[in-house]
1. About its Cα centre, what dipole magnitude does the range 119-196 give when the only charges are +1 on Lys and Arg Cβ and -1 on Asp and Glu Cβ, stated in debye to the nearest 20?
2. Enumerate the amide H contacts of Asp327 below 5 Å, restricted to partners 5 or more residues apart or on another chain; note that Pro and chain-start residues carry no placed amide H.
3. Please compute the net charge surrounding Ile12, taking Lys and Arg as +1 and Asp and Glu as -1 over other residues with Cβ under 11 Å from its Cβ.
4. Is any residue of the range 52-73 close enough, with backbone N under 20 Å, to a label point placed 7 angstrom from the Cα of Arg340 along the Cα-Cβ axis, and if so, which?
5. Using the Cα centre of the chain as origin and beta-carbon charges of +1 (Lys, Arg) and -1 (Asp, Glu), tell me which of Leu96, Ser23, Pro199 is placed farthest towards the positive end of the dipole.
6. Quick one: check the C-alpha center-to-center distance for the range 169-244 versus the range 245-316, whole angstrom.
7. Please report the relative contact order for the chain, taking Cα pairs under 8 Å with a sequence separation of at least 6, and give it as a percent rounded to a whole number.
8. Using a simple spin-label model with points 7 Å from Cα along the Cα→Cβ vector, what separation in nm is obtained for Arg62 and Asp5?
Amino acid sequence: MAAADLRTQVAIIGAGPAGMLLSHLLAADGVESIVLETRSQSYVASRIRAGILEQSTVDLLRECGLGERLHREGDEHRGIYLQWPDERHHLDFVDLIGRSVWVYGQTEVQKDLIDARNAAGQEIHYDVTDTSLHDIETNSPAVTFTDVDGRPRRVDADIVVGCDGSFGPSRERVPPHVRRDWNRVYPYSWFGVLADIAPSTDELIYAWHGDGFALHSMRSATVSRFYLQVPNGTAPDDWSDDRIWEALATRLGHGQNGWELTTGPITDKSVLPMRSFVQTPMRYGRLFLAGDAAHIVPPTGAKGLNLAVADVALLAPALVDLVRKDDHRLANGYSDTALRRVWRCTHFSWWMTAMLHRSEDPFDEQLQLSQLRWVTSSAAGAAGLAENYAGLPIGLTRSSSAG
Ligand code: APR
Ligand code: PHB
């Protein structure tokens, strides 16, 4: 193992939204961290992500000084449209539950985080390889890695946090006899399309259709984002631009009740697999997991980043108490507390997915339509969806040492 050449309080593996926000919140409470990232800064900053922020995510980002550009460029949405052939219904979350959502690309959140951490002089090692965790069962864990110049390095820390997404090495370090993996795979994927065209709608449209689900989302006044349900195994090149626009027009109801879909140049095509995954517990010894390292949700409802933010909002004050005061109370509760929200969002994402995606079974189809009618006509049904979509409050629990 490389000789210890770096020392910090919290070693964070992964510079995605979870890792970067964690380093930001820890620094605000005077706790040092070092972030290790296997990709380059430009890759991490430009990865395409979903586009919806829950009210509580927006509140938290503002509270910790990351709300300036979000406030200027983000767009507050009162709700969403839910539709099926010949019917489109608006659910107004503000009327229903007094909360809204924000359209602000999660890629932009990531850029804001990188800018803020760079401005603060955060130590981040990009382009690292061979990340390996050591001694996480002890009070002096370490992480070894090979740096961008090919040198073996070692960070000694009080705590290691795995924010390294679903493919990172951290979650595997929870031993099999402690760990449980909960999995659900779906028999379809999302075909994602980015287009340089003004959105044809003021708020997002989630469309049930006999050909398959479609979603009209957006990134800005001039950029639209669309998704189509496609069979697993579909490749981005399998669909020509004409075929994409035709499918979107059909599934989103072009020409129905005077609504029109405007088409434009497509700038990106990608295929997203759908999966629900939870690993429990989210802590083992001095290793804590946050974000996609511990859980994956299907994209319906755009919960991925919001859930990562909620984990980190709980974890940061817990780690502050642990490293500054040797007070373990919040840290000991972290996994159970975080998992309550994780399972709520896991259920909601699964439920939205099951309600909206084409199934081979005509019985299921009738259940889906009945559910859609109920959710759009009953105040109780609509409020349930709104509460989950706009998200439960998180708030930034101040650690006791922060005063
Ligand atoms: N060493 C260092 N870093 C690693 C390693 C490794 N061995 N393996 C993976 N990483 C990095 C990845 O390159 C990635 O940048 O960890 C980071 C994990 O980031 P995300 O996958 O974005 O996960 P997370 O931060 O939990 O983001 C949560 O944001 O946009 C949403 O949908 C996205 O649900 C996701 C959410
Ligand atoms: C997106 O804009 O990328 C998006 C929006 C809503 C979703 C999923 C993705 O449910």
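Readers should treat all values here as calculations from the given coordinates under stated rules, not as data from a laboratory. Nothing here was measured: the structure is a model prediction, and the numbers come from that model. Reconstructed Cβ throughout: ideal geometry from the backbone, glycine too, with neighbour counts over all protein chains shown.
1. Details: 8 positive and 13 negative charges, 84 e Å.
For this selection, approximately 400 debye.
2. Leu322
3. -3
4. Label zone hits: 55-57, 60.
5. Comparing the listed Cα positions along the dipole, Ser23 ranks first.
6. Cα centres, the range 169-244 to the range 245-316: 7 Å.
7. Details: 826 pairs, mean separation 84.8, N = 403.
Dividing the mean separation by the residue count of the chain yields 21 percent.
8. Using points 7 Å along Cα→Cβ, the separation is 4.5 nm.
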